[in-house]
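The values are calculated or read from the model by the stated rules, or taken from the named source; none is laboratory data. Since this is a predicted model, take the numbers as computed values, not measurements. Backbone-built Cβ (ideal geometry, glycine too); neighbour counts: all protein chains shown.
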Amino acid sequence: MNFWLIGFGAGLFALAILDGLWLGVIAGGFYKEKLGGLLREKPIWSIAALFYLVHVVGVATFVLPQVSSWSGALLLGGRVTIVDLAWGTVATALTALAAWAVQRHFA
């Protein structure tokens, strides 16, 4: 349980720092430029907090029990990320192919 709590806390901290840098410093202007009309004036912080909590609980629940050390957690997390990236690429390609096949009959 202690390993899980430390992992949860570390994951929440890392996600908050990385997402804060991404949204606040690196890509915030890009999102405002490209999605300006779709963005809210003020974020709904309760929904953002819920997203972060669910995301970190998922990682802590599904990755940490599979390992016995922090280096193992990093390696498993890396493998999960690569598999997720590959599956996402395949799923996106299949969706795009299906959309193309359908729309060419209506265009």
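Some points to look at:
- Only residues that are surrounded by fewer than 11 Cβ atoms within 10 Å (Cβ to Cβ) and more than 20 Å from the chain's Cα centre (by Cα) were counted in the range 60-79, giving 3.
- Output for the range 1-33, where each listed residue is surrounded by 11 or more Cβ atoms within 10 Å (Cβ to Cβ) and charged (D, E, K, R): 19
- Of all residues making up the range 50-88, the number that are of a type in the set (Phe, Trp, Tyr) and under 14 Å from residue 5 (Cα atoms): 2
- Residue pairs whose Cβ atoms lie under 8 Å apart, separated by 6 or more positions or on different chains, with the first residue in the range 36-53 and surrounded by 10 or more Cβ atoms within 10 Å (Cβ to Cβ) and of a type outside the set (Phe, Trp, Tyr) and the second at pLDDT below 85 and part of a helix (DSSP H, G or I), are 39/31; 39/32.
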